[in-house]
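A.B. asks: For reference, the structure I am asking about is given below.
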Amino acid sequence: MRDEDILSFARDRETTDNKAEKEAKADVAAGVEEEKEMFEDFEPGPAVPSQSENGVSDEAFGIITTGIDPLEITEAGARITGYITTSHRQKVRLGTYVMVPYGDEDLFARIWKLQYLQEFAVDDATEIHSRRMLKSNTTDEVDYKFLAYLDPTCILYEPNGKGTGLSRRMSDRIPRPNTPILPVTDKKKIQTGLNIPEEGIFMGHLSVGGELVRTHAVPPTVPYYMRNDYSMGDPLIFRHMLVCGSTGTGKTFLTKNILRQFMSEDNRYKLRGSEERRNPCLVVMDPQDEYSQLFEDNPEITDEDDFKFRAEKVNFGACRNTKTFVAKINGEGYTGRSRAEQIEFTIPFEMVRNNSWLIAPVGMTELQYVGIDVLLEDYFKKGGKHTYIGFTDFIDDDITRNYYTEETHKIHESSYDGIVRRVKNRALAKVFDQPARPISEMLEQIFKPGQVSVFPTEYITNTRIRDIITLTLMSLIVDNKLSTSGEAAVKDTPIILGLDEAHRYLAKAGGEHSRRLISKFADAARQGRKEGLGLFLITQDPQDIDDTIFKQINTRVILNLSNDAAISTMKVKKEFEKRIPYLKKGQMIIQSPDNSDMVEIMGLSRCVVKHI
């Protein structure tokens, strides 16, 4: 048969079918007219939830059904299917949180799968049907079953009777068939169901698919807090935190909002061996000259923002006790936008005595690393003032070279010459022993409880100098926190270290000195709870952070990432992993097993301090 004959037949058949369909609709309309007298006329009322005769709200999405699959719950999982009514199908999304009442308890669940099934057996995979639908789509929702598959999260119950407080336990009961599936509109039930603390460090608002979860409360959003008390151990900031996302995803904006929450007058932490509580000192390494703006109010905050912030315990406004510490670099001056007090400092070469990696660049051989340690040890044994210029004169001397390479053979001559070439560097001459107060003498000024100490490095063109400044500060904190005889200004102050571009300084070790630094920093991370040191790492390359440190991070905030290696490093659940490349600006996934279930949240649309 020719194609023309087939299409001609299809057109004739379609005309006949349309005629039959019109006649059927006319019959239905006539039947409706006859039955009108049997029912009261419906008058639209105000848009408020109503109750049906059995007390179930008309807000119910649908019912639990056994018509497709049997209801099943086991220790390994569950199979719970719900039928969604036509009027609520547009409201349901993957990840939507729902409740199924038992009467005395509620099943709290999450929709993990959505499905359409035919109501009537129709072959819709045909040429004729496709052409008809393309010309005039007469599909009606009632012609299809819309199914939602539920993943039980927990059971909500009141352990001592009604009004005694809500608790949660694992899902150990199966819901009855035909039980309604309800939206969760109670803020307390959502927070309990997802194990979210009711107070703490504000992070954002709970969302599903980029849309805020709304309740009947005022304000209607559900705030997400990070635990910040001692009710279940130490505050989670001392278990460390990571914010990761690609460039342009809002890392700095979000980080400012989170860090500001730690700097309230009421926020105090205990230190080991003492019941005294102190405000934390926030120390921020600032490669883009943005965090000094914590000193300033955001002029765009409105009265409405003010009301919402206060209602949800969001700290906002300037941190007036903010200081900007500027490294004195020969030939370069800070001209940034900080309006906070600016204090200059220099790095004394004396600090290299126990931290040889400050002058040992990446790329040295193992023999060169050993050699530079030998040279530094002998140089610092000499009397007098120890400076960078003095050290370069020491190793550049022919007598010294002959002693180490010919007389004692402590260092091979090729290694010795390589050390001299790498250490005699113009960048190092610009940073050490400049005309300013040494940073080692400013610890009480830098690490002050309740103070924000910002170290900008954007004005420094040489990346090696930037690294030296950051590594110096890291070494000061770690050495004093781990040492039993550490300086009291550091040891007795809770410190939150905000480290932007963390992958540059905590990368997988590439040499002996790198391994030493990583090992020391990993020890500090492990003892953070005891010593009052919280790491707040910001990066776009989480896969580059050394594993020994990465494993110590309890709270991970994941913004949009497009790098497959970075995504796989985060090791999140499959259903969340697929969303990561599609997260919008300000949308994030929170992975914090000691705080809550894994959830999606939206950050604030307004910065709580100035942000340009």
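The values are calculated or read from the model by the stated rules, or taken from the named source; none is laboratory data. These figures come from a predicted structure and were not determined experimentally. Note that each Cβ is placed from the backbone with ideal geometry, even for glycine, and that neighbours are counted across all protein chains shown. Remember, those area values only see protein heavy atoms, side chains included, never the ligands or the DNA or RNA. Shrake-Rupley method; radii C 1.70, N 1.55, O 1.52, S 1.80 Å.
A.B. asks: Scan the range 128-140 and report the pairs whose first residue is in the same structural domain as Tyr116 (by the TED database) and whose second residue is of a type in the set (Val, Ile, Thr) and exposed (fewer than 11 other Cβ atoms within 10 Å of the Cβ), with Cβ atoms within less than 6 Å and a gap of 6+ or a chain change.
C.D. replies: none
A.B. asks: Also, quick follow-up: Which of the numbered conditions does Asp303 fail, given that it passes all the others? Conditions: (1) open to solvent by 30 Å² or more (accessible area, probe 1.4 Å); (2) in contact (Cβ under 8 Å) with a residue 60 or more places away in the chain; (3) assigned by the TED database to the domain that holds Pro449.
C.D. replies: Evaluating Asp303 over (1) open to solvent by 30 Å² or more (accessible area, probe 1.4 Å); (2) in contact (Cβ under 8 Å) with a residue 60 or more places away in the chain; (3) assigned by the TED database to the domain that holds Pro449 leaves (2) as the failure.
A.B. asks: Okay, moving on. Counting just the residues of the range 411-453 that are of a type in the set (Asp, Glu) and over 19 Å from Thr392 (Cβ atoms), which one comes out most open to solvent (accessible area, probe 1.4 Å)?
C.D. replies: For the range 411-453, the residue satisfying everything is Glu444.
A.B. asks: Can you give me the ranges of the strands (runs of 3 or more DSSP E) entirely in the range 239-327 with at least 3 residues that are modelled with pLDDT of 95 or more and within 29 Å of Thr221 (Cα to Cα)? Spell out the reasoning first.
C.D. replies: Values: elements: 241-244, 281-286, 322-327.
Strands (runs of 3 or more DSSP E) meeting the threshold: 241-244.
A.B. asks: Can I ask one more? Among the residues of the range 148-205, write down those that are open to solvent by less than 30 Å² (accessible area, probe 1.4 Å) and β-branched (Val, Ile, Thr).
C.D. replies: Within the range 148-205, Ile155, Thr179, Ile181, Val184, Ile190, Thr192, Ile196, Ile201 meet the criteria.
A.B. asks: Restricting attention to the range 509-525, report how many residues are modelled with pLDDT of 75 or more and among the basic types (Lys, Arg).
C.D. replies: Residues flagged as modelled with pLDDT of 75 or more and among the basic types (Lys, Arg) within the range 509-525 amount to 1.
A.B. asks: Applying the selection to the range 187-219, what residues are within 25 Å of the chain's Cα centre (by Cα) and part of a loop (DSSP other than H, G, I, E, B)? Reasoning before the result, please.
C.D. replies: Going residue by residue through the range 187-219, those that are within 25 Å of the chain's Cα centre (by Cα) are 187-215, 219.
Hits for the range 187-219 are Leu194, Asn195, Ile196, Pro197, Glu198, Glu199, Gly200, Gly209, Gly210, Val213, Thr215, Pro219.
A.B. asks: Being at pLDDT below 95, under 30 Å from Asn298 (Cα atoms) and open to solvent by less than 10 Å² (accessible area, probe 1.4 Å) is the filter here, so list the residues in the range 328-359 that pass it.
C.D. replies: Result: Ala340, single match.
A.B. asks: Return the residues of the range 381-397 that are within 20 Å of Ile468 (Cα to Cα) and either β-branched (Val, Ile, Thr) or within 45 Å of the chain's Cα centre (by Cα) (or both); say none if nothing qualifies.
C.D. replies: Across the range 381-397, the qualifying residues are His386, Thr387, Tyr388, Ile389, Phe391, Thr392.
A.B. asks: Just wondering, is there one or more residues in the range 489-498 that are without any contact (Cβ under 8 Å) to a residue 40 or more places away in the chain, assigned to a helix (DSSP H, G or I) and assigned by the TED database to the domain that holds His240?
C.D. replies: Within the range 489-498 (the criterion being without any contact (Cβ under 8 Å) to a residue 40 or more places away in the chain, assigned to a helix (DSSP H, G or I) and assigned by the TED database to the domain that holds His240), the answer is no, since none of the residues qualifies.
A.B. asks: What residue, among those in the range 575-604 that are under 18 Å from Thr247 (Cα atoms) and assigned to a loop (DSSP other than H, G, I, E, B), is most open to solvent (accessible area, probe 1.4 Å)?
C.D. replies: Looking at residues that are under 18 Å from Thr247 (Cα atoms) and assigned to a loop (DSSP other than H, G, I, E, B), I get Lys585.
A.B. asks: Counting just the residues of the range 466-512 that are open to solvent by 10 Å² or more (accessible area, probe 1.4 Å) and in contact with a Pro (Cβ under 8 Å, 6 or more places away or on another chain), which one comes out farthest from Arg556 (Cα to Cα)?
C.D. replies: Within the range 466-512, the match that is farthest from Arg556 (Cα to Cα) is Arg466.
A.B. asks: Sticking with this structure for a sec: Could you say which residue among Val608, Val572, Val557 is surrounded by 21 or more Cβ atoms within 10 Å (Cβ to Cβ) and in a loop (DSSP other than H, G, I, E, B)?
C.D. replies: Val608 is the lone residue from the list that is surrounded by 21 or more Cβ atoms within 10 Å (Cβ to Cβ) and in a loop (DSSP other than H, G, I, E, B).
A.B. asks: Suppose we filter the range 328-365 for residues that are among the hydrophobic types (A, V, I, L, M, F, W, C) and assigned to a helix (DSSP H, G or I); how many remain?
C.D. replies: 5
A.B. asks: Would you confirm, using the coordinates I've provided, whether Gly233 is farther than 30 Å from Val326 by Cα, modelled with pLDDT under 95 and open to solvent by 10 Å² or more (accessible area, probe 1.4 Å)?
C.D. replies: When the stated conditions are applied, Gly233 passes them.
A.B. asks: Another question, then. Could you list all residues from the range 364-380 that are open to solvent by 20 Å² or more (accessible area, probe 1.4 Å) and in contact (Cβ under 8 Å) with a residue 60 or more places away in the chain?
C.D. replies: Once the filter is applied, which keeps residues that are open to solvent by 20 Å² or more (accessible area, probe 1.4 Å) and in contact (Cβ under 8 Å) with a residue 60 or more places away in the chain, the range 364-380 yields Glu366, Val370.
A.B. asks: Another question, then. Only one of Ile538, Ile558 is assigned by the TED database to the domain that holds Arg227, touching an Asp or Glu at 6+ places or on another chain (Cβ under 8 Å) and within 22 Å of Asn257 (Cβ to Cβ). Can you tell me which? Spell out the reasoning first.
C.D. replies: Numbers: Ile558 fails: touching an Asp or Glu at 6+ places or on another chain (Cβ under 8 Å).
Ile538 is the lone residue from the list that is assigned by the TED database to the domain that holds Arg227, touching an Asp or Glu at 6+ places or on another chain (Cβ under 8 Å) and within 22 Å of Asn257 (Cβ to Cβ).
A.B. asks: Output the residues belonging to the range 294-327 that are over 29 Å from Asp467 (Cβ atoms) and among the β-branched types (Val, Ile, Thr).
C.D. replies: Just the residues of the range 294-327 that are over 29 Å from Asp467 (Cβ atoms), to begin with: 297-318, 320.
If the condition is that a residue be over 29 Å from Asp467 (Cβ atoms) and among the β-branched types (Val, Ile, Thr), then Ile301, Thr302, Val314 are the ones that fit.
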